[in-house]
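What follows is one structure encoded as structure tokens, with my remarks underneath.
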Amino acid sequence: MKNKLLIFMIVLGMVTLIGCSSSSSNGSAKKENETNKTSEGSVEKVSFKFAHGYPVEQHTHKGFEKLKELVSEKSGGKIDLSIFPSGQLYNDIGVVDAISTGQIEAGATTFEMLTSLVPSAELIVLPVFDDYKHLHKSLDNGVRKIFEDEFAKANLFPIIWGDFGMAYYASKETPLKTPADFKGKMVRTTSPLMSKFVEAAGGTPITMPGAEVVQALQRGTIDAGLSAPVAFIAQQYYEVTEYYTGPQNAGISISLVNLDWWNSLSEETRNIILESSKEVEGWMSEEVQKQHEANAKTLSEKGMEFVEVDKKSFKEVQEKVLEDFYQTTGDVGKEIMKIINSSRE
């Protein structure tokens, strides 16, 4: 009898343990499902403004329109992006400060326009990249991370590094092939380092927003301006210039968000914006490659003559300007150049 009672107690205990285990397991599964459900719904409803100074005809603006579509699609309509092109809210000079101070959540400009807040950004104005393949490799090898840390100091975070096209000097009367061609010329620049480059070559730097360049060329306020062929076509540089000389530097359209605002978003919301931005970045790169030959043909038909720059003749000019760059940026500038040089094949 005692043996039967003992066996009954053991069986009862086993049943109880199995029941508790099952209950615990179901509870864990329920909790996990609740967590997943919360994660799936953690994209908050967000509306934000995106300002830039590029014409709507350019691939840059079209890329931003793709960003608007992608973030809306991926978030189920919760993320709403309003785009203000062509300097409607801020021009390419003022937009950086507006984003940094929180006057607007996001926007884009040419990379060198960040110089006042991030001195190391000036490097992009020099012909230090062989081509876009070299640029992208440098970014992936550490340059992108260095700049993210530098931008954070100015309350900025980069989301799109968009190819804008290799830059060329569009000029009147004579091409700017060697430093000697800069003498007596007034050249539109966009940063102090570019101004030093023009000065070292013998020219006079003039700073102005991109939207004013064509009119300044027409009036004779300047003799040349640095930009990409896509801009020469969109803004009709061919109406007021005869030559474009280069390639000089790799143009980048950088899209930024206010870091405080960015950090206030949920992780899933940020991931959707980053994922969409990466797609747009790839699209811009492919678009620039497609446009290169077509742009050269169009400019030739419009009367602009391409002249290849004599890079060797600018060696002393570039070395002099790099010395100034290192004095301003210290170890950060040297580390960036080290990565760029080591990224050459």
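Couple of notes before you dig in:
- Euclidean distance between Cα centres, segment 266-345 to segment 120-168, Å: 7 Å
- The DSSP beta bridges internal to the chain are antiparallel in roughly 55% of cases.
- Amide H partners (placed H, <5 Å) of Gly251, local residues excluded: Phe164, Gly165, Met166, Ala167
- Calculated log₁₀ intensity ratio I(q)/I(0) where the Debye formula runs over C-alpha points of the chain, q = 0.06, 0.08, 0.10 Å⁻¹: -0.29, -0.44, -0.63
- Listed by chain and number, the aspartates and glutamates whose alpha-carbon sits under 19 Å from that of Lys74, ignoring those within fewer than 8 places in the same chain, are Glu40, Glu44, Glu65, Glu267, Glu268, Glu275, Glu279, Glu281.
- Rh by Kirkwood over Cα pairs, then Stokes-Einstein D for segment 195-345 at 0.692 mPa s and 37 °C, µm²/s: 174 µm²/s
- Summarising the label geometry, the points placed 7 Å from Cα in the beta-carbon direction at Lys45 and Ser264 lie 1.7 nm from one another.
- Reachable lysines from Lys338, criterion Cα separation under 25 angstrom, eight or more residues apart if same chain: Lys133, Lys137, Lys145, Lys153, Lys196, Lys311, Lys312, Lys315, Lys320
Bear in mind that the values in this text are calculations on the coordinates, not laboratory data. As the structure is a prediction and not an experimental result, all values here were calculated from the model. Heads up, the Cβs are rebuilt from the backbone with ideal geometry, glycines too, and the neighbour counts pull from every protein chain shown.
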